[in-house]
Amino acid sequence: MNSVTMKSVAMKKVVLMAMGLGVVACAEKQPLSAEQQWHGYCVSVGNAARSITLDRQNGYEQQQAVEHAAKVEDATTRQFIAEIIETVYAMPEAELKTEPDAVRDRLKQQFTEKCLATPHETLPNYKQF
């Protein structure tokens with residue numbers, strides 16, 4: 001086969017794979033159960049803990065974090081965020097700088113687990129963090 005024919009065959013394969021992926025992506029997805037939605041929410045809470053920790057490590061003042069958190073409309077989310085801010089800003093700065101990635105990951109895990117263990121009746125109205 002010459003190089004033009006090989007390129008043509010390769011392009012046809014790429015087009016077919018792209019069409020296949022398009023069909024799979026357009027397939028109807030099952031709605032998430034309430035438990036799956038809560039899990040997704042809790043992962044977002046953990047991500048917020050990681051982000052708030054990173055902000056503190058980068059020099060953001062607690063007042064800035066509190067002002068930003070006050071803009072959150074959902075009461076459940078606002079409560080989680082307030083607790084995260086309180087926890088993160090209570091930590092000694094030296095602890096935050098010793099192993100910064102490990103601290104962020106630990107707080108992310110801690111707040112994800114805390115959220116998952118929190119009783120809930122309805123899913124909060126939130127935007128993913």
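The values are calculated or read from the model by the stated rules, or taken from the named source; none is laboratory data. Model, not experiment: these values are computed from the prediction. Quick reminder, even Gly has a Cβ in these numbers, built from the backbone with ideal geometry, and neighbours come from all protein chains shown. For accessibility, only protein heavy atoms count, side chains too; no ligands or nucleic acids. Shrake-Rupley method; radii C 1.70, N 1.55, O 1.52, S 1.80 Å.
Quick look at the values:
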item: Candidate aspartates and glutamates - alpha carbon under 19 Å from K108, same-chain residues fewer than 8 apart omitted; result: D55, E83, E86, E93, E95, E99
item: Per residue, in Å², the accessible surface of the range 78-122 once ligands and nucleic acids are set aside, probe 1.4 Å; result: 65
item: Note, ³J(HN,Hα) from phi for the range 33-46, Karplus 6.51, -1.76, 1.60, rounded to Hz, x at Gly and Pro; result: 6, 4, 5, 5, 5, 5, 4, x, 4, 5, 4, 5, 4, x
item: The range 32-129: trypsin sites (Lys or Arg not before Pro) in DSSP coil with no more than 11 other Cβ atoms inside 10 Å; result: K71, K127
